[in-house]
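The structure appears right after this line, and notes come after that.
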Amino acid sequence: MGLLLDILSTAAMLFIVTAGLMIIFGVMKIVNFAHGAIITLGSYASLVVTQLGLNPWLALPLALAVGAAVGVGVERLIVRPLYKRPLDAILATWGLGIVIGQLITMAFGREVQFADAPVKGAVAFLGTDYSAYRLLLIPAALLVYGATLLLLNGTRFGVRTRAVIMNENLARGLGINAERIRFITFGLGAGLGALAGALITPLSSVDPNMGLTWLISAFMLVMVSGHSITALLLTCLVYGACQVLVSVLVSPILGGVTIAVLAALTLRLRPQGFAHD
């Protein structure tokens with residue numbers, strides 16, 4: 001049972017970290033390489049809440065607000081002029097990630113720090129004592145999935161967003177403001193990235209480069225799942241299970257590269273990944 005919970009909680013963390021990146025990729029067709037730095041921003045938002053002695057739950061709305069604010073600023077000032085030059089946009093977000101990392105280092109230093117968890121200790125679950133906070137991440141991931149699915153499929157904004165994803169030129173012809181959709185989407189994706197940073201921080205330390213390791217896994221998962229949020233959830237579950245099993249049964253070192261290897265094999269055999277044809 002402990003192994004099953006490890007698989008589910010790992011899949012939950014992967015999904016939470018990747019959801020924001022996937023939303024931006026689906027609409028804008030660029031990979032936001034500043035996503036790792038935005039995750040780190042969310043982690044430091046959690047650290048600030050801890051240092052101020054506030055309720056740890058406040059870190060979540062703070063991280064979401066900070067990430068969304070940074071996201072809309074980046075879209076307006078950096079990404080928007082590069083829509084027709086996607087390679088340049090990718091390089092710009094990569095450089096932005098480096099800049100954000102250096103600003104964080106200047107503000108907080110390079111030392112490893114820790115933030116408080118809103119839920120502490122272990123709970124008995126189906127006969128197994130397990131981390132209460134790791135268990136909490138499972139419904140948190142399902143909540144993010146449900147909210148994103150509802151937004152994309154049950155709102156006027158979602159209909160317009162899916163129209164831009166499927167055929168931007170046709171969407172423009174129907175009067176949809178694609179620039180506005182991109183603006184909101186980038187802010188939403190960045191907000192989810194920072195929220196992910198705040199959610200995973202209690203399980204790890206906080207340092208200026210903590211988001212980079214998550215960026216690699218998130219990038220691979222997005223390449224495999226495409227622009228489908230459901231495909232992303234299933235991919236995180238399958239790849240997360242493989243990562244945990246390899247780490248436990250073989251080696252934690254090999255477990256760390258499992259997602260990258262599986263993603264490469266998947267894209268070799270099925271170049272479109274798990275996205276719909």
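The values are calculated or read from the model by the stated rules, or taken from the named source; none is laboratory data. What you see is a predicted model, and the numbers here were worked out from it, not measured in a lab. Neighbour counts run over all protein chains shown; Cβ positions are idealised from the backbone, glycine included. Side chains are part of the model used for accessible areas, which takes the heavy atoms of the whole protein and leaves out ligands, DNA and RNA. Shrake-Rupley method; radii C 1.70, N 1.55, O 1.52, S 1.80 Å.
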Q: Throw me the Rg/Rh for region 1-55, computed over C-alpha atoms with Kirkwood Rh, two decimals.
A: 1.12
Q) Using the alpha-carbon atoms, what tilt in degrees (0 to 90, nearest 10) does helix 156-166 show relative to the longest principal axis of the chain? A) 80 degrees
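For Cα pairs less than 8 Å apart in space and 6+ apart in sequence, what is the mean separation divided by the residue count of region 1-88, i.e. the relative contact order in percent?
About 21 percent, as a whole number.
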**Q.** GNM result for the chain, Cα springs below 10 Å: residue of A147, A12, A178 fluctuating most strongly
**A.** A147
Q) Dividing the alpha-carbon Rg of the chain by 2.2 N^0.38 Å yields what? A) 0.99
Q) Cα gyration tensor of region 1-102, axes a ≥ b ≥ c as square roots of the eigenvalues: rounded (a/c below 1.5), prolate (a/b > b/c) or oblate? A) oblate
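For N177 and V257, what is the calculated FRET efficiency with R₀ set at 51 Å and r taken between the beta-carbons, to the nearest 0.05?
Efficiency for this residue pair is about 0.75.
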**Q.** Size of charge dipole - the chain - debye, nearest 20, with Cβ of Lys, Arg +1 and Asp, Glu -1, no other charges
**A.** 860 debye
Q | Segment L87-K120, length gained on full extension (0.36 nm per residue, minus Cα span) | A | 7.5 nm
Q: Mind grabbing the accessible area of R160 for me, 1.4 Å probe, Å², rounded to tens?
A: 100 Å²
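Under the definition of Cα pairs under 8 Å and six or more residues apart, what whole-number percent is the relative contact order of the chain?
In percent, rounded to a whole number, it is 36.
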Q. Using alpha-carbon pairs under 8 Å, 6+ residues apart, how would you state the relative contact order of region 69-223 in percent?
A. 35 percent
Q: Rank V123, V244, V17 by mean-square fluctuation in a GNM of the chain with C-alpha springs under 10 angstrom and give only the top-ranked residue.
A: V123
Q) Given a 1.4 Å probe and the protein chains all in place, what does the accessible area of L143 round to, in Å² to the nearest 10? A) 130 Å²
Q) Angle, helix 2-28 long axis vs. longest principal axis of the chain, Cα atoms, 0 to 90°, nearest 10? A) 20 degrees
Q: First compute the accessible area of the chain with a 1.4 Å probe, then give the percent of it belonging to carbon and sulfur atoms.
A: 70 percent
(Q) I'd like the orientation of helix 86-108 relative to the chain: the angle between its Cα long axis and the longest Cα principal axis, in ° from 0 to 90, rounded to 10. (A) 40 degrees
Q) Over the alpha carbons of region 76-117, what is the largest minus smallest coordinate on each principal axis, giving the biggest first in Å? A) 42, 23, 16
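What's the ranking of 205-214, 21-30 by average number of surrounding C-beta atoms within 10 Å, highest first? Show your work: numbers first, answer last.
On the way: 205-214: 19.3, 21-30: 23.5.
The densest-packed peptide leads the list: 21-30, 205-214.
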Q | Cα centroid separation - region 7-54 against region 88-127, whole Å | A | 8 Å
Q. Ignoring ligands, DNA and RNA, what accessible area per residue does the chain give at 1.4 Å, in Å²?
A. 47 Å²
Q. Roughly how many nanometres apart are two label points built 7 Å out from the Cα toward the Cβ at V248 and T128?
A. 0.6 nm
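Note down, for region 149-222, the three equivalent ellipsoid semi-axes (square root of 5 times each alpha carbon gyration tensor eigenvalue), biggest first, whole angstrom.
On the way: eigenvalues 202, 32, 23 Å².
They are 32, 13, 11 Å, listed from largest to smallest.
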**Q.** Charge-dipole axis of the chain as Lys and Arg at +1 and Asp and Glu at -1 on Cβ define it, positive-most pick from I104, G197, A163
**A.** A163
Q) Based on Cβ point charges of +1 for Lys and Arg and -1 for Asp and Glu, what charge dipole magnitude is obtained for region 1-147 about its Cα centre, in debye rounded to the nearest 20? A) 480 debye
